Amino acid sequence: MDTLISIIGGANVDLSATLNDAFIAADSNPGHVDVGYGGVARNIAHNLSLLGARTQLLTIFGGDLFGGLLHDYCKQQGIDVHLSERVNPLRSGIYLCIHNHGGEMIAAVADTEAIRSITP
């Protein structure tokens, strides 16, 4: 029998900025930005899927562009999201972090409003 593993929780777009030089407060700092997909539940579902397990993610995707990207990425990775919802006007979960030129985190913001909308 092929077991289905269900994971309930958050899915985020991860934005990670790394500065080219020393941080200058209250100014625009040159650097580069990487975009990835995260959220604890999404990460678990993804890793289980990579191990060959049938996985299902129950989450709330925002009705914005990021929600569509997250939803589509999960499906591409073999994660069943048919019980998850895209909800307008919620913003998708976003994790934004800024690293100094040495790679150490300076600050981070986790916007996880969407996960509070998950109900039984």
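Please treat every number below as a calculation from the coordinates, not as lab data. Owing to the predicted nature of the structure, the values given are computational and were not obtained by experimental measurement. In this analysis, Cβ positions are derived from the backbone assuming ideal geometry, glycine residues included, and neighbour counts consider all displayed protein chains.
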Between helix 40-50 and the chain: long-axis angle, C-alpha atoms, 0 to 90°, nearest 10: 60
Considering only DSSP states other than H, G, I, E and B, which GluC sites (Glu not before Pro) in segment 30-120 qualify as loop sites with at most 15 other Cβ atoms within 10 Å? E104
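Taking the Cα centre of the chain as origin, work out the dipole magnitude from +1 charges on Lys and Arg Cβ and -1 charges on Asp and Glu Cβ, in debye rounded to 20. Please report the intermediate quantities before stating the final value.
Values: 6 positive and 12 negative charges, 82 e Å.
Using only the charged Cβ atoms, the result is roughly 400 debye.
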Long-range amide H partners of D80, meaning residues 5 or more apart or on another chain whose placed amide H is closer than 5 Å, are T55, Q56, L57
Before anything else, pin down the relative contact order of segment 9-120: Cα pairs under 8 Å, at least 6 apart, normalised by residue count, whole percent. 32
Projecting each Cα onto the charge dipole of the chain (Lys/Arg +1, Asp/Glu -1 at the beta carbon, about the Cα centre), which of L51, A107, T3 comes out farthest on the positive side? T3
Long-range amide H partners of H101, meaning residues 5 or more apart or on another chain whose placed amide H is closer than 5 Å, are L19, F23
Cα-based convex hull, segment 1-64, per residue volume (Å³, whole number): 121
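Counting residues in segment 35-82 as N, plug N into 2.2 N^0.38 Å and put the Cα Rg over that result. Spell out each step's value before the answer.
Working: Rg = 10.0 Å, N = 48, 2.2 N^0.38 = 9.6 Å.
With N residues counted in segment 35-82, Rg over 2.2 N^0.38 Å equals 1.05.
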Measure off 7 Å from each Cα along the Cα-to-Cβ vector at T112 and F23, then give the distance between these two points in nanometres to one decimal. 2.2
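Hey, what number do you get for the chain at 222 nm if only DSSP H runs of n ≥ 4 count, each worth -39500 (n - 2.57), divided across all residues, to the nearest 500?
Numbers: 2 runs with 23 residues, N = 120.
That comes out to -6000 deg cm²/dmol.
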Any idea how far the Cα center of segment 68-103 sits from the one of segment 11-33, in Å? 20
Apply the Karplus parameterisation 6.51 cos²θ - 1.76 cosθ + 1.60, with θ equal to phi minus 60°, to every residue of segment 100-114 and state each ³J(HN,Hα) to the nearest whole Hz, in sequence, with x for glycine and proline. 6, 5, x, x, 8, 5, 8, 7, 8, 9, 10, 9, 10, 3, 4
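Would you mind telling me the antiparallel percentage of the DSSP bridges in the chain, rounded to 5?
Details: 14 of 31 bridges.
That works out to approximately 45 percent antiparallel.
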For helix 65-76, what angle does its Cα long axis make with the longest principal axis of the chain, in degrees from 0 to 90 and rounded to 10? 50
Column: log10 I(q)/I(0), Debye, Cα scatterers of the chain, q = 0.11, 0.15, 0.16, 0.20 Å⁻¹: -0.42, -0.70, -0.76, -1.00
Taking only the alpha-carbon positions of segment 77-120 and ignoring solvent, what does the Debye formula give for the base-10 log of I(q)/I(0) at q = 0.18, 0.29 Å⁻¹? -0.72, -1.05
